[in-house]
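Asker: This is the structure I want to talk about, given as structure tokens.
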Amino acid sequence: MAYSGFLIKVGNYTVPFRYIEAKKYKCGIKGQDLDSYRDANGVLHREALSNVSIKTEWETPGDIDEKALRALMDNIRSQYSHAIEKKSLVTAWMPEIGNYVTMDCYMPDVEYQIDYADEWTVQYGSFRLAFIGYGGVIG
């Protein structure tokens, strides 16, 4: 499947481009090894696994108010299949293969920076969101 007009979907929620700073979107397919080692001659002996993991991360623009933050985070959180793990099914564009990969992922902790606050609103600076795959075989 070719590019279909989105970068990341969390469950059924497609993250709108207004929440993605395109130049700071990073993604990749991460290979995994088991007990790989270098011998006494410095030769690498790899036990590469067929299961891989994906990682996708980006920064948001720095002009998000509380109402917009709620729209983003409430939609993401509603897609968790396991709330404590922050686990959800993620579909992300992977340029390496020119296709989307769908995999169970978790969202690492997020740190928010408040740029402005008064009695009526809170304004947030840019912050990083990421999803890291649990692992699986991709086609």
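The values are calculated or read from the model by the stated rules, or taken from the named source; none is laboratory data. Everything numeric here is computed off the predicted structure, so don't read it as measured data. So basically every Cβ, Gly included, is an ideal-geometry build from the backbone, and we count neighbours across all protein chains shown. For accessibility, only protein heavy atoms count, side chains too; no ligands or nucleic acids. Shrake-Rupley method; radii C 1.70, N 1.55, O 1.52, S 1.80 Å.
Asker: Considering only protein heavy atoms and a probe of 1.4 Å, how much of the accessible area of the chain is carbon and sulfur, as a whole percent?
Answerer: On the way: 4150 of 8480 Å².
With neighbouring chains kept in place, the figure for the chain is 49 percent.
Asker: Divide, for the range 54-119, the radius of gyration over alpha carbons by 2.2 N^0.38 Å, where N is the residue count. Walk me through the numbers on the way to the answer.
Answerer: Details: Rg = 14.4 Å, N = 66, 2.2 N^0.38 = 10.8 Å.
My calculation over the Cα atoms of the range 54-119 gives 1.33.
Asker: Over the range 97-139, calculate the relative contact order: mean separation of alpha carbon pairs under 8 Å at least 6 apart, over the residue count, as a percent. Before the final figure, lay out the partial values.
Answerer: Values: 49 pairs, mean separation 19.2, N = 43.
Reported as a whole number, the value is 45 percent.
Asker: Where the only charges are on Cβ atoms (+1 Lys, Arg; -1 Asp, Glu), what is the dipole of the chain about its Cα centre, to the nearest 20 debye? Spell out each step's value before the answer.
Answerer: Numbers: 15 positive and 19 negative charges, 95 e Å.
It works out to roughly 460 debye.
Asker: Assuming 0.36 nm per residue, please report the length gained on full extension of the stretch LEU49 to PHE17 beyond their Cα-Cα distance. Intermediate results must be reported in sequence, preceding the final value.
Answerer: On the way: separation 32, 0.36 × 32 = 11.52 nm, distance 3.39 nm.
Using 0.36 nm per residue and subtracting the Cα-Cα distance, I get 8.1 nm.
Asker: From Cα pairs below 8 angstrom and at least 6 apart in sequence, can you work out the relative contact order of the chain, rounded to a whole percent?
Answerer: Values: 285 pairs, mean separation 40.2, N = 139.
Result for the chain is 29 percent.
Asker: Within 14 Å, Cβ to Cβ, of TRP120, how many net charges do the neighbouring residues add up to if Lys/Arg are +1 and Asp/Glu are -1? Please list the in-between numbers first.
Answerer: Values: positive: LYS67; negative: ASP65, GLU66, ASP118, GLU119.
Taking every other residue near TRP120 into account, the sum is -3.
Asker: Sticking with this one: Taking K and R as +1 and D and E as -1, what net charge do the other residues with C-beta under 13 Å from the C-beta of GLY11 add up to?
Answerer: Numbers: positive: LYS9, ARG77, LYS86, LYS87; negative: ASP74, ASP104.
Result for the neighbourhood of GLY11: +2.
Asker: Let me ask you something else. Can you give the helix-only mean residue ellipticity at 222 nm for the chain, where every DSSP H stretch with n ≥ 4 adds -39500 (n - 2.57) and the sum goes over all residues, rounded to the nearest 500 deg cm²/dmol? Don't skip to the end; give the middle numbers.
Answerer: Details: 1 runs with 12 residues, N = 139.
Per the formula, -2500 deg cm²/dmol.
Asker: Can you list which of the chymotrypsin sites (Phe, Trp or Tyr not before Pro) found in the range 1-107 are DSSP loop residues with at most 13 other C-beta atoms within 10 Å?
Answerer: Details: sites: TYR3, PHE6, TYR13, PHE17, TYR19, TYR25, TYR37, TRP58, TYR80, TRP93, TYR100, TYR106; in loops: TYR3, PHE6, TYR25, TYR80.
Listed in order of number, the matching sites are TYR3.
Asker: Let me ask something else about it. Considering the dipole of the chain built from charges on the beta carbon (Lys and Arg +1, Asp and Glu -1) around the Cα centre, which of ALA92, GLY125, THR56 is farthest to its positive end?
Answerer: ALA92
Asker: Could you give the Stokes-Einstein D for the chain in µm² per second, using the C-alpha Kirkwood radius, 37 °C, 0.692 mPa s?
Answerer: Values: Rh = 16.7 Å.
Calculated translational D: 197 µm²/s.
Asker: Within the chain, how many lysine pairs that are 8 or more places apart, or on different chains, have C-alpha atoms less than 22 Å apart?
Answerer: Taking the Cα cut-off of 22 Å, the pair count is 19.
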